[in-house]
1. Which of 113, 269 comes first, and how do the rest follow, when ranked by fewest Cβ neighbours within 10 Å?
2. Give or take rounding to whole Å, what are the principal axis extents of the alpha carbon atoms in the chain, in descending order?
3. Round to the nearest 0.05 the FRET efficiency obtained for residue 161 and residue 383 when R0 = 60 Å and r is the Cβ-Cβ distance.
4. Got the relative contact order for the chain handy, in percent, Cα pairs under 8 Å and 6 or more residues apart?
5. Using only alpha carbon positions, build the gyration tensor of segment 16-60, then give the equivalent ellipsoid semi-axes as the square roots of 5 times its eigenvalues, largest first, whole angstrom.
6. Can you give me the pair-distance distribution of segment 159-304, C-alpha pairs, 10 Å bins, whole percents?
7. Just for the Cα atoms in segment 234-303, what are the lengths along the principal axes, largest first, rounded to whole Å?
8. For segment 267-383, place one equal point scatterer on every Cα, skip the solvent, and apply the Debye formula. What is log10 of I(q)/I(0) at q = 0.11, 0.12, 0.14, 0.18 Å⁻¹?
Amino acid sequence: MSRDEAQRAIEASFRIERARLIAGLARMVQSIDRAEELAQEALLIALSEWPKTGVPDKPGAWLMTTAKRRAIDAIRHERMRERKHGELAQTLDEASDEVAAAIEAALDDEVGDELLGLIFVACHPMLTAEARAALTLRVIGGLTPDEIARAFLSNEAAIAKRIVRAKQAIAAAGLSFEVPRGGERAARLPSVLEVIYLIFNEGYAATSGEDPIRPGLCLEGQRLGRMLAALMPEEPEVFGLLALMEIQASRLAARLGPDGALLPLTAQDRTRWDQLLIRRGLEALARAEALDGGGPYVLQAALAACHARARSAADTDWGRIAALYDRLRIVAPSPVVDLNRAIAHSMAFGPEAGLRLLDEIAGDPALGSYAPLPAARGDFLFRAGRLSEARQQFEAASRLTRNTGEAAFLRARAAACG
């Protein structure tokens, strides 16, 4: 094998194994920073050794063993520095043997538990949502601070600081890298799901910038969701979130028109929807429902499935969608759910029904500067034939959004009112 071939193999193996490698090391040394350092050291050793010896049969295991042995050496060295030379002869070997035995045993630990433990730490609710998303993309996704900054339209220095502060907070809190159990696990799972969906949704409907969608973030969210589903096969909400992301991602190729403007579901070319992702999503939804899932992500996935199953916009079962939103607002009440419920009712029972529901939530402060509220009202008014009022609402919505593509779409709808 040539040096270039070996280097490509090493880089590919490291990308694949990086998250699991850091997870196992973090559990051992109880530090994300030190785990990243050890992983990098193992990579450097591989870059030196593999071109001469060839790529091992199990590159991930080789990297893990190498990194953990480096950790053993560091622990031995630290103990040597801390202890007097007079005590060292008797105690160092005993302590080192104990440490080595524990670490060698850890090589046989369930890797899934290690990775799951790292995910739960990176998504700990004591961190802000933004910090959780950045740290998750860094330590689990393997993205660089620059890549994360570009994805979220931030700057590299700000993202790097956010990640450093998150790691410092985790260290200061003395968090364990073990998988939480029982009630603690159930209490922290929503935080993990929230972060993964935040990452996906920022790609599916960008909150700012020139691009209405950023598929790279969607792919990261889906990858994290699939990973979590493999690690937690009995959690219905995990499969609900995965189903929701897979079905929504199936529409990405059809979400933009030839001019780059956003297209609503009713105007999309459904032949461009990815049928493989739809099948994956429906399978994940079936799994969630088989686990008696009735949580918010399972219900949202069921809503997405209604659209995925409809051959055309006219075939959409808006009555079922309205009923699902009636259930969702009980399970996960929020002004945004109420807004989407109004949209569903307007489609199922007419625009006036939607306008009545909008009037009930119009005074909610959480929706005061939320562009989708006037956009929805504009759509209802347009379908009711009240074009002048509709134009005012679309213009108001275009001024509220921070996404230039969405603003262009709303201005076009205002212009269509004549």
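Where a number appears in this text, it was derived from the coordinates with a stated rule and is not lab data. Bear in mind that the values here come from a model prediction, so they are computed numbers and not experimental data. Cβ: placed from backbone, ideal geometry, glycine included. Neighbour counts: every protein chain shown.
1. Numbers: 113 16, 269 10.
Lowest count first: 269, 113.
2. 91, 49, 39
3. Values: r = 47 Å, r/R0 = 0.79.
That gives a FRET efficiency of 0.80.
4. Numbers: 550 pairs, mean separation 43.6, N = 418.
Relative contact order, the chain: 10 percent.
5. Values: eigenvalues 95, 25, 9 Å².
They are 22, 11, 7 Å, listed largest first.
6. 11, 35, 32, 17, 5, 0
7. 43, 21, 15
8. -0.41, -0.48, -0.65, -1.01
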